[in-house]
């Protein structure tokens, strides 16, 4: 079986977008893993499915590179909106996209997309996290050491740590330890943030199921909210990630707005039948 796909990227966070308006191909986790493999497949941080929706303009399903399904993806929804806009499928500048985290509303603004990410979930149960109440600058034992963390959900769970040395931070060591810590029953995305000024944050993100990525939209939103809640930043900040910058605004009504680019890289077709992508010879 062959499927057509479009490779998309937002600040280097890349996705295989499969247009499934005619029917969900029901990709198995091992198929997603193979497609996302950078040697044996197309190569990506995740896979997006574009589907029809009964409650919004379109529906988006998100799969991490490990084959697991995620609730939401900020860079992914920008890429999906850009894909729809380029093909005249948006029906206007603003879209309503159904996700597992609810209806997300991206607005196409030329080469950039602004996404109304909704209000963050701040209570432990809703994140989900096994700590009660708000977790803002709380010192806990997590990932094998005492750390000061701020946790929230931007449709998917995030744990943010503020650090002084971002370049030397052992993200690949600490990230997976916190991702899989028993505190987080659905695992967690881990953000390592350094505040450069009240309006500027630098960020590296260990993404659940994908590892460290060049950018993470929901991670940037989580860092901006965490900076504000801890009194470290203003409510509107620029978040600098390895792949580039996102503008994030934590509005007075509690909604979070994220603005950044999304680009189409190439289109192609790949066989996902038995043995597809396996090494031969």
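Could you calculate the FRET efficiency of residue 235 with residue 266 from 1/(1 + (r/R0)^6), where r is the beta carbon distance between them and R0 is 41 Å, rounded to 0.05?
That gives a FRET efficiency of 0.60.
Report the full-extension gain for the segment residue 103 to residue 138: residue separation times 0.36 nm, less the Cα-Cα distance, to one decimal in nm.
Fully extending the segment from residue 103 to residue 138 adds 9.5 nm.
Restricting to the range 124-254, compute how many DSSP beta bridges are antiparallel as a %, nearest 5.
So the antiparallel bridges in the range 124-254 amount to around 75 percent.
Compare the peptides 24-31, 252-259 by average per-residue count of other Cβ atoms within 10 angstrom and give them in order, highest first.
252-259, 24-31
I need 1, 154 ordered by Cβ neighbour count within 10 Å, fewest first.
1, 154
Between the helical axis of 217-229 and the dominant principal axis of the chain, each derived from Cα atoms, what acute angle in degrees is found, rounded to the nearest 10?
On a 0 to 90 degree scale, this one is about 10.
Relative to the longest principal axis of the C-alpha atoms of the chain, give the angle of the C-alpha long axis of helix 74-86, reported between 0 and 90° and rounded to the nearest 10°.
Taking Cα atoms only, the helix is inclined about 40 degrees.
As a test of the formula, what do you get for the chain when each DSSP H run with n ≥ 4 contributes -39,500 (n - 2.57) and the sum is divided by the residue count, at 222 nm and rounded to the nearest 500 deg cm²/dmol?
The helix-only estimate for the chain comes to -4500 deg cm²/dmol at 222 nm.
Sort 58, 206 so that the residue with the fewest other Cβ atoms within 10 Å of its own Cβ comes first and the one with the most comes last.
Taking fewest neighbouring Cβ atoms as first place, the list is 58, 206.
Obtain the nm distance between the two label points defined at residue 146 and residue 4 by a simple spin-label model: each point lies 7 Å from its Cα along the Cα-to-C-beta direction.
My value for the distance between the label points is 5.9 nm.
If I model a spin label as a point 7 Å beyond the Cα along the Cα-Cβ vector, how far apart are those points for residue 251 and residue 38 in nm?
3.7
Dividing the convex hull volume of the Cα atoms of the chain by its residue count, what figure in Å³ per residue is obtained?
132
GNM, the chain, Cα, under 10 Å: largest mean-square fluctuation among 100, 236, 145?
145
Report, in cubic angstrom per residue, the convex hull volume of the C-alpha atoms of the range 124-254.
That works out to 96 Å³ per residue.
With r defined as the distance between the Cβ atoms of residue 125 and residue 196 and R0 fixed at 45 Å, what FRET efficiency is calculated, to the nearest 0.05?
My answer for the efficiency is 0.85.
Where a number appears in this text, it was derived from the coordinates with a stated rule and is not lab data. Predicted, not measured: the structure shown is a model, and the values here were computed from it. Here Cβ is always computed from backbone atoms with ideal geometry, including for glycine, and neighbour counts include all displayed protein chains.
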